[in-house]
Amino acid sequence: MHVVITGGSGFVGQALTHLLTQKGHRVTILTRLPDHKRTSEFVHYVNWLSADHQPENELKDVDAVVNLAGESINSGRWIQSKKEVILNSRLTATKEVIRILRHLHPKPKVLVNASGVSYYGMSDFKTFNESSKSDANDFLASVVKRWEKEGAMAEELGVRTVFARFGIILGQEGAFSRTVLPYKLGIGGTIGSGMQWISWVHIQDAVEMVYFAIINSEVEGPLNVTSPHPIRMSSFGQSIADVLHRPYWLHVPGVVVKVVLGEMSQLVLKGQRVLPQKALYHNYSFQFPYVQSALSDILG
């Protein structure tokens, strides 16, 4: 199988590339800096998002496209310019993916387009699955909805389209590594009320679920890429402390987090309880369904 990935140099992209090549599949990564990458028997790099280059001319016999490209939401305060970059980076990349799809013959069988559980909005008491409607209009929910709308153009081209709504991804890299640092320093504790939900997923399950979406022709539309056992922030923090054998004692009030992070504070002060109903329906088997085993694997 030949899989094209955008955002292949990111946390999820690297893990997905590793998984695919381990399974014997070929991967082409679309990147702005192909000359800085090392090709191999299974991994090839192609230039994209440049005015004078048409990557579709170098893409042959593509079976699947995975679009992970987009500015990180976890770096830097969400001032207006940052918010514009977060949104526009996703829309620009997805528009280019759709343009490339139009020029590919034959068409890939599937597009897996990254998305997020922020689609559902924030709640301390509701439970969401792929059938849940959303009336949320906060910044992240708005970004996700516009992102998915752009990706849905692939459906008009006859390409099965999956929106991988990622929860918080746990791994040795990414935003989670910064979350763990206070615990390693012995100053971990409750952030805000501690009642906010964390819909999380181990990085291995995250990429396995993307692969599952690629090879399972019955999976289409939104797919919640989360563990079947979300957890409250207070329990999540206590679990980190337990695995690291560190204290769990320092309470950081929400008002302090808001002063430090501004609007970006919603990433840690708010959440949503999201269940992977579609994955379970299609018999996906989680490697790390519970947070304790996931944290032990990552931190142990």
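Of the beta bridges in region 1-151, as assigned by DSSP with both residues counted there, near 0 percent are antiparallel. If each residue of separation counts as 0.36 nm, what is the full-extension length gain between S75 and I215 once their alpha-carbon separation is subtracted? That pair, S75 and I215, stretches by 47.1 nm at full extension. Taking every alpha-carbon pair under 8 Å whose residues sit at least 6 apart, the chain reaches a relative contact order of 19 percent.
For region 181-237, dividing the convex hull volume of the Cα atoms by the residue count gives 95 Å³ per residue.
Counted over all Cα-Cα pairs of region 157-286, pairs farther apart than 24 Å make up 36 percent. Ligands, DNA and RNA are left out, and with a 1.4 angstrom probe the accessible area of the chain is 47 Å² per residue.
Taking a sphere under 15 Å around the Cβ of Q272 and counting the other residues whose Cβ falls inside, with K and R at +1 and D and E at -1, yields a net charge of +3. Of the solvent-accessible surface of the chain, computed with a 1.4 Å probe and all protein chains present, 52% belongs to carbon and sulfur.
With R₀ set to 30 Å, the beta-carbon distance separating D63 from L33 gives a calculated FRET efficiency near 0.75. Measuring only protein heavy atoms, the 1.4 Å probe finds M153 accessible over about 60 Å².
Once the Cα atoms are used to define both axes, helix 11-22 deviates from the longest principal axis of the chain by about 60 degrees. The alpha carbon gyration tensor of region 218-300 gives principal lengths a ≥ b ≥ c with a/c of 1.5 or higher and a/b no greater than b/c, which makes the shape oblate.
Using all pairs of distinct alpha-carbon atoms, the Kirkwood hydrodynamic radius of region 1-71 works out to 12.1 angstrom.
The calculated FRET efficiency for V259 paired with H18, based on their beta-carbon distance and R0 = 51 Å, is about 0.80. Using the Karplus relation 6.51 cos²θ - 1.76 cosθ + 1.60 with θ = phi - 60°, the per-residue 3J(HN,Hα) values for region 79-86 come to 6, 4, 5, 5, 5, 5, 5, 4 Hz, with x marking Gly and Pro.
In this view, the solvent-accessible surface of Y248, computed with a 1.4 Å probe and all protein chains in place, comes to about 60 Å². Could you tell me whether region 93-199 comes out rounded, prolate or oblate from its Cα gyration tensor? Rule is a ≥ b ≥ c as square roots of the eigenvalues, rounded for a/c under 1.5, then prolate if a/b exceeds b/c, otherwise oblate. Prolate, since a/c reaches 1.5 and a/b exceeds b/c. Between amide H atoms placed 1.01 Å from N, distances below 5 Å from K109 occur with A64, all of them 5 or more places distant or on a separate chain. For L250 and S296, a Förster radius of 25 Å and the Cβ-Cβ distance give a FRET efficiency of 0.65, rounded to the nearest 0.05.
Compared with the dominant principal axis of the Cα atoms in the chain, helix 233-244 is inclined by about 90°. Only protein heavy atoms count here; on that basis, with a 1.4 Å probe, D124 has an accessible area of about 70 Å². Per-residue extension of 0.36 nm, minus the Cα-Cα distance of T127 and H105, leaves a gain of 3.8 nm for this segment. Relative to the longest principal axis of the Cα atoms of the chain, the long axis of helix 175-184 lies at roughly 30 degrees. If you sort the three axes of the alpha carbon gyration tensor as a ≥ b ≥ c, you get a/c of 1.5 or more for region 129-187 and a/b above b/c, which makes it prolate.
Counting only helical runs of four or more DSSP H residues, what would the 222 nm mean residue ellipticity of the chain come to if each run contributes -39,500 (n - 2.57) and the total is spread over all its residues? About -11000 deg cm²/dmol. Note on S40 and K95: the model spin-label points, each 7 Å out from Cα along the C-beta direction, lie 3.5 nm apart.
The values are calculated or read from the model by the stated rules, or taken from the named source; none is laboratory data. Owing to the predicted nature of the structure, the values given are computational and were not obtained by experimental measurement. Cβ atoms come from the backbone with ideal geometry, glycine included; neighbour counts cover every protein chain shown. Areas reflect the complete protein model, heavy atoms only, side chains present, ligands, DNA and RNA absent. Shrake-Rupley method; radii C 1.70, N 1.55, O 1.52, S 1.80 Å.
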